[in-house]
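Coordinate-derived values only; no laboratory data. Please read all numbers here as calculations on a predicted model, not as lab measurements.
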Amino acid sequence: MTDSYLRSLGFAAVSTTRGANQPTFRQAWRYQHEAAAQDGTRLFIEHPLGIDGCRLSNLAAPLAAQDVFATVALHDGPALETAIESFYAAHGGRGAVAAPAATSTYLPYRRQQ
């Protein structure tokens, strides 16, 4: 999966900043779908570091197995699209496009001279 493919499905990166300690896109990523479900549930997809697949959940960082509703292979586009449609069907369909999650961008204070 690529960033452009995930964006074409309606996902946006949860964090757009890359630090020296963060893994590259090929190693790990997390996205949130721009449309909430009719019941207000949000859809997240992530490829955790060290896992050969991606997980879909209503939590940004699911820790328990019961919080993950689908796991698909990294390069299985049709299975991912089916899982997305199943998620929305289980939650009453697609709702309105939600505002993107606010990210904290810390910028150090700089003196004006």
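The table for this structure:
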| read-out | value |
| --- | --- |
| HN-Hα J in Hz across the stretch 64-73 - Karplus 6.51, -1.76, 1.60, θ = phi - 60°, x for Gly and Pro | 9, 4, 6, 7, 9, 9, 7, 10, 10, 5 |
| Extension gain, Ala79 back to Ser4 (0.36 nm per residue minus Cα-Cα distance, nm) | 25.3 nm |
